C-alpha cells in the first residue's frame, strides 16, 4: 500500500507542478522506487520514468528522456495507462526517441481505451488540429467528450468550444 502511495505521489508531483517548482522526492524514496521498478512493479516503473522525464523531480536523478522511455516501456508492456500516456508524450515531442506522431497516437489510443482522460484529450487535439492525423472535428469532439466524461476539465472546455462553433 505504501508503495502505491509513493508512486502516486511521484506521478501527482510530476503532473501538478512545473519542473522548476516541483517538490523533490527524497533520495531514499527514489532508491525504493528503483528497487520496486527493477522487481517489475508497473506503478514504480512509471513513477521512476517520471523521475527521469522531469528535471528536479527526484533527488539525485538527472533528467534523461532515454531512461524515462525505458521505464515507461516496461510499465506500458504491463498495460499501465499512465506509462502508455507518458510514452506517447515522449514520441510526440521527440524526447528520448525520434518524433513519431503515429506512434504517439497509437499509445494514446491504448491509454485512452483504458480511460486515461489526458490521453483522450490529446487525441482530441490531434484530430482538431490535424496533427499527425487527418483533421476530423467529429473525432475530436468524440475524444474531448470522453475526456470530459472522465473529469478532465480541459477536455470539457474543448468539447464545449467545438459544440458552440458548430463543429
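The values are calculated or read from the model by the stated rules, or taken from the named source; none is laboratory data. Values in this document were obtained by computation on a predicted structure and should not be read as measured data. With ideal geometry, Cβ positions are generated from the backbone for all residues, glycine too; neighbour counts draw on all protein chains shown.
So that you can scan it fast, the table gives a plain yes or no per residue for (1) under 17 Å from residue 65 (Cβ atoms); (2) free of Cβ contacts under 8 Å to residues at least 12 places away in the same chain; (3) part of a helix (DSSP H, G or I):
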residue	(1), (2), (3)
78	no, no, no
82	yes, no, yes
91	yes, no, yes
103	yes, no, yes
121	no, no, yes
125	no, no, yes
So which residues in the range 139-155 are under 11 Å from residue 124 (Cβ atoms) and assigned to a helix (DSSP H, G or I), if there are any at all?
-> 139, 140, 141, 142, 143, 144, 145, 146, 147, 148, 154, 155
Quick one: would you say residue 86 is part of a helix (DSSP H, G or I), touching a helix residue (DSSP H, G or I) at 6+ places or on another chain (Cβ under 6 Å), in the same structural domain as residue 152 (by TED's automatic domain parsing) and under 16 Å from residue 72 (Cβ atoms)?
-> no
Looking at residue 28, is it at pLDDT 85 or above, farther than 20 Å from residue 113 by Cα and in the same structural domain as residue 104 (by TED's automatic domain parsing)?
-> yes
The correct count of residues that are part of a helix (DSSP H, G or I) and under 24 Å from residue 87 (Cβ atoms) in the range 127-138 is 3
